[in-house]
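Notes follow the structure.
The values are calculated or read from the model by the stated rules, or taken from the named source; none is laboratory data. Model, not experiment: these values are computed from the prediction. Neighbour counts run over all protein chains shown; Cβ positions are idealised from the backbone, glycine included. Accessible surface is based on the protein model in full, side chains and every heavy atom, while ligands, DNA and RNA are left aside. Shrake-Rupley method; radii C 1.70, N 1.55, O 1.52, S 1.80 Å.
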Amino acid sequence: MAISDFHASTIIKVRVYFGFDQFECDPSEISIALGIKPDEVRRKGEKRKLRNGKEMKMENRANSWGIESKSDSKDINDHLRELLVKLKGKEKLIEERFGKPSFSVLWEGNYLYAGSGPFYERDVLKGIVAFGADLWQDIYQIDQSDDEIENKSEFKRIPKW
């Protein structure tokens, strides 16, 4: 079921990540086993780098390996399906030494009230379960001024108090 125009008008950003954290093997072993190039790798003891390539003073405390969705859709299910298609058939290639797989959701909206957050359709939940993966959610309300909001629908946002 597609999200409504009103629901879409309240969503600012959606992104989904799949990966592994806090394992002992080299992250390249996961890439080789799954046959997937990661979007992000961190190695324990290396200096952490920002996405712009700038190195930070802080060292990575653990290894991590991950891929992320690239869709422009505001529907979380589209993002999850994108990753599930990329991971299709890889369920049995996940080794115990890689640690627990997880899907992590980033969801930002400007109208966080009852029933306005992300919702998950049956097929994506089955896909997550097929990997024995955890599902993590970071859900944020981002307050925006009216001139920052691109609203292509007939719905108008409820003003702040």
| request: Quick one: pull the percent of accessible area on the chain belonging to carbon and sulfur, 1.4 Å probe, ligands and nucleic acids left out. | output: 51 percent
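Is it possible to state the helix-based mean residue ellipticity at 222 nm for the chain, with each DSSP H run of 4+ residues giving -39500 (n - 2.57), the sum divided by total residues, to the nearest 500 deg cm²/dmol? What is it?
Details: 4 runs with 34 residues, N = 161.
After summing the helix terms and dividing by residue count, I get -6000 deg cm²/dmol.
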| query | Roughly how many Å² is the accessible area per residue of region 84-129, as a whole number, for a 1.4 Å probe? | reply | 60 Å²
| message | Per-residue counts of other Cβ atoms within 10 Å, averaged by peptide: what ranking do you get for 31-39, 103-111, highest first? | response | 103-111, 31-39
| request: Hydropathy first: keep DSSP H helices in the chain averaging at least 0.0 on Kyte-Doolittle, then drop any whose Cα extent along the axis falls short of 15 Å, and list what survives. | output: 76-87
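I'd like the per residue volume of the convex hull spanned by the Cα atoms of the chain, given in cubic angstrom. Before the final figure, lay out the partial values.
Numbers: hull volume 22.9 nm³, N = 161.
Spread over its residues, the Cα hull of the chain gives 142 Å³ apiece.
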| task | Hand me the tally of lysine pairs in region 1-74: alpha carbons under 25 angstrom apart, and the pair either on different chains or 8 or more positions apart. | result | 16
